[in-house]
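Any read-out appearing in this document is the output of simple, stated calculations on the displayed coordinates, not a laboratory observation. Just so it is clear, the structure is predicted and the values come from calculations on it, not from any experiment. For neighbour counting, all protein chains shown are included, and Cβ atoms are generated from backbone atoms with ideal geometry for every residue, glycine included.
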Amino acid sequence: MSFIPSCDNRADAIRSLAEIYDVSEKEIERVLMHPSVLEIAKSDAELLSPYFPAVISMLLKSSPRYELTHAAYYHSTSHDGDPSWFDEGLLGSSAGIGCFIKKILWLIPEEKRSSVIEQSSRIVALRSELEGSTAVGTGPYAWNTFAAASSSSNGIRYQVPEAIQDLWSRSFVGSGGLIDLGGIIREKLKPVVVKFKGITSDLDSYCSVLWGYILSENGETHLTHTFIGNGSGVPRESIIAIIDV
């Protein structure tokens, strides 16, 4: 497999940035300690500003290799521990929620199954519409860093799919009160991060996330996400690893 930048941890992020900019890891470490970079790192807005990539390129005397069009991304969910759970790959929001519910049907009381299927589909459609898209044109959702998918509050929250959370908890897209599946999913399934190869929408922003991740305490800065699923599934062959967390 050709080089795929990734962010499993700090060392992996530094290695990836060195490859992207075609410099040594020592050079990346040097720039990380530069006063201008440390000042910019105090603000997420500054890290995401259009001039930050130019500052980095100037300090490194090197630009990103823009021919790199793919990177590793991290999707947070739950599964039953069997790798065959992901034989279909990662699906977009519309197909994905239907597939997930089909796999956990044994956890749902028979008299509520049809309502769960109907309401979860409706919730995905409405949420997508309110976000300016369609159910078939959104997802799968993924973070740029393993830390964001596995240990951030949002990453942990998405171990139970959002539409399933809305079946019980009232939200702007769901009236709730149908069934609380969160507890049983956490009890019967395993939290997992699916690492996969995907097209990056913006290499400069992708790099900014990696710089921000390394510069933040405990890797807690996650900034933006540069994988845009547009409802297209990620094929099984693009899955790099299935990581229990």
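Once C-alpha pairs closer than 8 Å and six or more residues apart are averaged by separation and normalised to the residue number of the chain, the relative contact order reads 29 percent. Taking a ≥ b ≥ c as the square roots of the eigenvalues of the Cα gyration tensor, segment 106-159 is oblate, since a/c reaches 1.5 or more and a/b is not larger than b/c.
Seen against the Cα atoms of the chain and their longest principal axis, helix 113-130 is set at about 40 degrees. Taking the longest Cα principal axis of the chain as reference, the axis of helix 93-103 is set at about 60 degrees.
Adding -39500 (n - 2.57) for every DSSP H run of four residues or longer, then dividing by how many residues the chain holds, sets the calculated 222 nm ellipticity at -11500 deg cm²/dmol.
Segment 52-103 and segment 190-216 have Cα centres separated by 8 Å. Can you tell me the 0 to 90 degree angle between the C-alpha axis of helix 10-21 and the longest principal axis of the chain, rounded to 10? Orientation of helix 10-21: about 60 degrees from the principal axis. Summing Lys and Arg as +1 and Asp and Glu as -1 over all other residues whose Cβ lies under 13 Å from the Cβ of VAL173 gives a net charge of -1. Given axes a ≥ b ≥ c from the Cα gyration tensor, I'd like to know whether segment 110-245 is rounded (a/c under 1.5), prolate (a/b larger than b/c) or oblate. Verdict is prolate for segment 110-245.
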